[in-house]
């Protein structure tokens, strides 16, 4: 219904149904629509207030070290500590450990929001009845979750690095000495986001209920972490050291630490952490695709 | 049956190029043949897919959308082959599923906009068309409310809006009056008629309700256990029969006796009678009977078949004894 005021005060109150003869876009546009829609909903946009609280808290927690360190440097200057250089107050490797839990919790929220409601409320049948192929729908949801997690896994340490460059006494000299940290943070953050996105989606693909999916992911990671810790400490056999590789809370951050060039205080070498992370992502991706291929329309 | 054409000979329906054609379309699930060699034509306007639950209506719709592969036979939808060009078909067709399919915590406007975008509309156009289409289905004021708070009738309207938002050439409506009260049902059928007559969008409506079909459709395809039992325009299917329908103002035994004395065999009882139309003189005989016996004639016309009779004869059931079948 439209109302247009004419010069003589005449009004059109109903144009009736209008046919559309304009541009029609391809599946790339559809993919963008699905991705952006899920990103917004994962972060609580266009949803009730209660759905905004946890995403907001997790995003805020992830940026907290950056805000505190940068704020202190801006307020006090570089003499915050006599023993530690200003750019080492919160090292990047510690940041990734801090982010590991936040990214996992956000993955539990975002992945379950991406997949479960569409299946439970059977909206999936409408997507399948559109030009969007099922795997493209899945790709859109996976992209959305990964981008949301990347916001938390990558942006805070990257901004901290940028702040370290910008607040250095001589930014040009500092950048020359530390330029490689930027790409390393980028790689570590993206991998951490990918790992948690893959784990979250793999769990969410097996249930229609958001609560079950989120609970299963968090519970599963906690159990894996406990089992890995017990196996690593209690079993004396040589291969037991690899038990830590089943702990997702260690795999992401340790891979990021290795990428950052930091010495790992574990008995497992960096490339093995990276290999495990890539393997976990691949296995999860295969699982999700298999589940969705088996879904009847 | 002279007017309801068999499945091997597609009906010459209303004028216009065929929107949908199928030839020997078959779909089996294990040993079950959900669709068994269906050959049909859907022409512009509103065509009803009529059949009992399990007759193969939903299976046919899935095949036409290219969501399932046929076991045998072929189909063409808007000149595309759904088996190989399913994406092209789905970009031009709107789909209204039988089951619930709406996200409860979305605003109607957002949901319809998103459905427009995934079917190819640019973002800004999708916003405008979502508003317009929701207004067309009577949800202008409610479009920013969450769908979860809507009544069943409003949800059905949102389902219709999402099927129309991308301005499809053909809309597949699967049991659109399911779950609606009588008023809601009438309103939905009015909307379907508006979609065809005012919006100029072709409709293939699947239903097991004869009254719904008769109210909105120009043509009918009768599915029975996976077969096309009959198809044609309503005019063809509900053609005249070789009987004369007599409706009296009140029951009159002398009138009946007069007809029998003249060699006719009136059937029925009370005020409604039928006699065989052997030649046009039968009308004169009835007139004379009324004049001689003083019976008041309320109606005298050549008998026509009801859609229920067409359905029952198409499914091989005896109209006189059947109490089941498609809903009346």
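Laboratory data are not the source of any read-out in this text; all were calculated from the coordinates shown. Every value quoted in this text rests on a predicted model; they were computed, and no experiment measured them. Backbone-built Cβ (ideal geometry, glycine too); neighbour counts: all protein chains shown.
In units of 2.2 N^0.38 Å, what is the alpha-carbon radius of gyration of the range B:77-182?
Rg over 2.2 N^0.38 Å, computed on Cα atoms: 1.06.
Taking each pair of distinct Cα atoms in chain A once, what is the resulting Kirkwood hydrodynamic radius in Å?
When all Cα pairs of chain A are included, the Kirkwood radius is 21.6 Å.
Over the range A:48-167, consider all pairs of different Cα atoms and compute the Kirkwood hydrodynamic radius from their mean reciprocal separation; express it in Å, one decimal.
One decimal place: 16.6 Å for the Kirkwood radius.
Hey, what's the per residue convex hull volume over the C-alpha atoms of the range B:247-312, in cubic angstrom?
93 Å³
Please compute one quarter of the surface area of the Cα convex hull for the range A:143-297 and express it in square nanometres.
11.3 nm²
Rounded to the nearest 0.05, what FRET efficiency is calculated for residue A:159 and residue A:81 with R0 set to 22 Å and r the Cβ-Cβ distance?
0.60
Peptide B:208-216: average number of partner chain Cβ atoms within 10 Å per residue?
That works out to 0 on average.
Could you pull the Rg and Dmax for chain B, using just the Cα atoms, both in Å?
Rg and Dmax of chain B, Cα atoms, are 23.6, 78 Å.
With r as the distance between the Cβ atoms of residue A:206 and residue A:263 and R0 = 56 Å, compute the FRET efficiency 1/(1 + (r/R0)^6) and round to 0.05.
0.90
Compute the orientation-averaged projected area for the protein assembly as shown from the convex hull of its Cα atoms and round it to one decimal in nm².
42.3 nm²
With label points built 7 Å along Cα→Cβ from the Cα atoms of residue B:198 and residue B:249, find their separation and express it in nm.
4.2 nm
So what's Rg/Rh here for the range A:71-128, counting alpha carbon atoms and using the Kirkwood radius for Rh?
Value, to two decimals: 1.40.
Work out the mean other chain Cβ neighbour count within 10 Å for the residues of B:189-202 and drop it here as an integer.
Taking all residues of B:189-202 together, the mean is 1.
Rank B:177, B:28, B:47 by mean-square fluctuation in a GNM of chain B with C-alpha springs under 10 angstrom and give only the top-ranked residue.
With Cα springs under 10 Å in chain B, the top fluctuation among B:177, B:28, B:47 is at B:28.
Give me B:221, B:201 sorted ascending by neighbouring Cβ count inside 10 Å, so fewest comes first.
Lowest to highest Cβ neighbour count: B:201, B:221.
Provide a whole-number value for the mean count of partner chain Cβ atoms within 10 Å of the Cβ atoms in peptide A:113-125.
Per residue, the number of nearby Cβ atoms from other chains is 3 on average.
With the radius of gyration and the Kirkwood radius both derived from the Cα set of the range B:88-142, what is their ratio Rg to Rh?
0.96
Translational diffusion coefficient, Stokes-Einstein: compute it for the range A:215-267 using the Kirkwood radius over C-alpha pairs as Rh, at 37 °C and 0.692 mPa s, and state it as an integer in µm² s⁻¹.
The calculation lands on 279 µm²/s.
Among DSSP beta bridges whose residues both lie in the protein assembly as shown, state the antiparallel percentage, nearest 5.
65 percent
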